[in-house]
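Asks: Take a look at the following structure, please.
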Amino acid sequence: MALNEAASREVNEEIEQVHHDDPPLRRMTIACECALRSCEEVIEITMAEYQDVRSDERQFAIVPEHFIGDIERIVFENDRFAVVAKRAGTPADVVTETDPRS
């Protein structure tokens with residue numbers, strides 16, 4: 001599961017680079033960073049919001065309905081997306097090891 005999230009995060013890092021010079025409140029479309037293999041959902045998020053998500057390597061932006069309570073907790077939620085943090089243990093360890101910003 002964590003590897004699916006890490007793959008989505010890598011794609012979103014590339015999207016972020018394309019929008020790097022955009023105003024902080026302009027929305028961009030990113031892939032849902034959930035653990036579901038078959039997920040093809042997208043999220044509208046501002047650069048500032050994405051930077052907040054990425055301020056902690058254990059956090060991911062997901063479609064709220066894709067929350068998996070066994071491996072993550074909700075940090076923040078709005079009408080467009082939820083920010084989840086991986087719980088301590090293997091899920092957090094895997095995402096920390098695969099974080100492209102590390």
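Asks: Filter the stretch 77-89 down to the residues that are in contact (Cβ under 8 Å) with a residue 12 or more places away in the chain and closer than 23 Å to residue 29 by Cα and list them by number.
Replies: Across the stretch 77-89, the qualifying residues are 77, 80, 81, 82, 83, 84, 85, 86.
Asks: Checking the condition among the acidic types (Asp, Glu), surrounded by 14 or more Cβ atoms within 10 Å (Cβ to Cβ) and either out of contact with any strand residue (DSSP E or B) (no Cβ under 6 Å at 6 or more places or on another chain) or under 16 Å from residue 4 (Cβ atoms) (or both), which residue from 14, 33, 77 passes?
Replies: Numbers: 14 fails: surrounded by 14 or more Cβ atoms within 10 Å (Cβ to Cβ); 77 fails: surrounded by 14 or more Cβ atoms within 10 Å (Cβ to Cβ).
Selected residue: 33, the only one of 14, 33, 77 that is among the acidic types (Asp, Glu), surrounded by 14 or more Cβ atoms within 10 Å (Cβ to Cβ) and either out of contact with any strand residue (DSSP E or B) (no Cβ under 6 Å at 6 or more places or on another chain) or under 16 Å from residue 4 (Cβ atoms) (or both).
Asks: Out of the residues in the stretch 51-60 meeting the condition of being out of contact with any strand residue (DSSP E or B) (no Cβ under 7 Å at 6 or more places or on another chain) and crowded, with 18+ Cβ neighbours inside 10 Å, tell me which one is farthest from residue 24 (Cα to Cα).
Replies: The extreme case among them is 57.
Asks: What are the residue pairs meeting all of these: first residue in the stretch 10-33, first residue outside any helix (DSSP H, G or I), second residue surrounded by fewer than 10 Cβ atoms within 10 Å (Cβ to Cβ) and not polar (S, T, N, Q), Cβ atoms under 9 Å, and 6 or more apart or on different chains?
Replies: 28/18; 31/40; 32/40
Asks: Ok, one more. Can you report the number of residues in the stretch 58-76 which are of a type outside the set (Lys, Arg) and not in a loop (DSSP other than H, G, I, E, B)?
Replies: Here the count works out to 11.
Asks: Right, here's the next one. Is it true that residue 36 is closer than 13 Å to residue 84 by Cβ, over 9 Å from the mean Cα position of the chain (by Cα) and in a loop (DSSP other than H, G, I, E, B)?
Replies: yes
Computed from the coordinates by the stated procedures, all read-outs in this text should not be read as laboratory data. Source: prediction; values computed, not measured. Positions of Cβ are generated from backbone atoms using ideal geometry, with glycine treated the same way; all protein chains shown enter the neighbour counts.
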